Amino acid sequence: MMVNRTLAVTACGLGALCVLLGAFAAHGAGPQVKTLLTTGAHYGLIHALLAVVAAAVAPRSSAIRWAGWLAVVGGAVFALSLTLVGMAGLSVMGAVAPIGGLLMVSAWLLFAFGVLRMRPSDLS
């Protein structure tokens, strides 16, 4: 199986970052920050997984490759913006989180589009 290594490695980096955020949320963050970090980590991890799947399918579909990158960037923007709101008190970053959310939604839709455009033989 061919894998888009750059996308897969980047997605794994996002996954590792989100595990660290989640661990800090569980063990070191105050109650107000905990919710923001947990939410960011949760969404980031889900989208890191989407990007790893996209990396495995990417050589067959440019739409899915782009979906993977949107998932990584969207997950990172969302998780990091919530982290900056909670830990650095940068409330202006709360306006950036929806951009990450929009990128994540776009990733799912583009992934679905890419799957629909693939030939059945490409899916096996």
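The values are calculated or read from the model by the stated rules, or taken from the named source; none is laboratory data. Small disclaimer: the values here were computed from a predicted structure and weren't measured. Neighbour counts are summed over all protein chains in view; Cβ atoms, including those assigned to glycine, are modelled from backbone coordinates with ideal geometry.
Here are some notes:
- Residue satisfying condition, being closer than 15 Å to A8 by Cβ and modelled with pLDDT under 95, within set A71, A58, A48: A58
- The set of residues in region 65-100 being in a helix (DSSP H, G or I) and exposed (fewer than 15 other Cβ atoms within 10 Å of the Cβ) consists of A88, S91, V92, G94, A95, P98, I99.
- Region 17-60, subset in contact (Cβ under 8 Å) with a residue 60 or more places away in the chain and within 19 Å of L84 (Cβ to Cβ), residue surrounded by the most Cβ atoms within 10 Å (Cβ to Cβ): H47
- Any hit, region 9-16, residues being polar (S, T, N, Q) and either under 24 Å from V96 (Cα atoms) or crowded, with 16+ Cβ neighbours inside 10 Å (or both): yes
- The residue that is nearest to M118 (Cα to Cα), among those in region 35-61 that are hydroxyl-bearing (S, T, Y) and in contact with a Gly (Cβ under 7 Å, 6 or more places away or on another chain), is S61.
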